1. Sum -39500 (n - 2.57) across every DSSP H segment of at least 4 residues in the chain, then divide by the residue count to get the 222 nm mean residue ellipticity, nearest 500.
2. For Lys154, list the aspartates and glutamates whose Cα falls under 15 Å from its own Cα; do not include residues on the same chain fewer than 8 positions away.
3. Compute the separation of the alpha-carbon centres of the stretch 128-162 and the stretch 1-61 and state it in Å as a whole number.
4. Among Ala45, Ala25, Ala93, which residue has its Cα furthest toward the positive end of the charge dipole of the stretch 9-208, with +1 on Lys/Arg Cβ and -1 on Asp/Glu Cβ?
5. Cα extents of the chain along the three principal axes, largest first, in whole Å?
6. Pull out the extension gain between Leu184 and Lys208, defined as 0.36 nm times the separation in residues minus the alpha carbon to alpha carbon distance; nm, one decimal.
7. With the contact rule set at Cα under 8 Å and sequence spacing of 6 or more, what percent relative contact order holds for the chain?
8. Taking R0 as 22 Å, what's the FRET efficiency between Lys154 and Asn200 from their Cβ-Cβ distance, rounded to 0.05?
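Just so it is clear, none of the values below were taken in a lab; they were calculated from the coordinates. What you see is a predicted model, and the numbers here were worked out from it, not measured in a lab. Quick reminder, even Gly has a Cβ in these numbers, built from the backbone with ideal geometry, and neighbours come from all protein chains shown.
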Amino acid sequence: MALNSGEAMIIALDGPAASGKGTLARRLAAHFGLPHLDTGLLYRAAARALIDSGDRLDDESRAVAAARGLALTDFNEEVLRGREMGEAASVVAAIPAVRAVLLDTQRAFASRPGGAVLDGRDVGTVICPEADVKIFVTANLETRANRRALELAKRGEKVDYADVLADILKRDQRDSSRTSAPLLRADDAATLDTTHLDVNAAFAAALKIVSGRATHMGSA
Ligand code: C5P
């Protein structure tokens, strides 16, 4: 499918941990030739910087300095994707001043000519409320824990399914209950439940949502 010529398209995907939004975002970006930003990496990288400098994850001024120092191009995903980094990122992400620092960076990325695909927790609600397409990606807890356990095992991490499930539950609760930009489905987002979908079926469903929205854009 091609985009309407000359039109920029912003695609926002949000959802809880291991819902499949990252994989979908990467595939949509490749399909439409758009740049992709995994916004979770920003919080993971800020958390990593704090850990590396021996600072506490809830030290607001150090966390703000860490967030200010981030460059979008130097994410070491090998380090940032580890199990403990998701938990650490979620602690840092609950600090409103950190989110404020990262807001402009994410908005600047989204307003690139041609558009962009961003995935995270608050893309459709806070970062890009004007996004052309919003998808809230979800899946049941057990499915998400299975996926994350497999992913971590592939990375060579020693994982226990029950621990991974407990991690995800704790992180979802923190992300959903924080006061600043909690994990929330935007009112105008389409929900995509990937519980019973493999990657290809989920991608086909996401494309259908985008194409429905793009047709609407063209006729607007
Ligand atoms: O998506 P990922 O698991 O990499 O995100 C790590 C953590 O970063 C999340 O649990 C959440 O606390 C935080 N995050 C956020 N807002 C985003 C993306 C991620 O608060 N837009």
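1. On the way: 9 runs with 116 residues, N = 220.
My calculation for the chain gives -16500 deg cm²/dmol from helical runs alone.
2. Once the sequence-local aspartates and glutamates are set aside, what remains near Lys154 is Glu77, Glu78.
3. That distance is 13 Å.
4. Toward the positive end, the furthest listed residue is Ala25.
5. 53, 36, 29
6. Full extension of this stretch gives 6.4 nm more.
7. On the way: 331 pairs, mean separation 71.6, N = 220.
This gives 33 percent for the chain.
8. Working: r = 19 Å, r/R0 = 0.85.
Working from the Cβ atoms, E equals 0.75.
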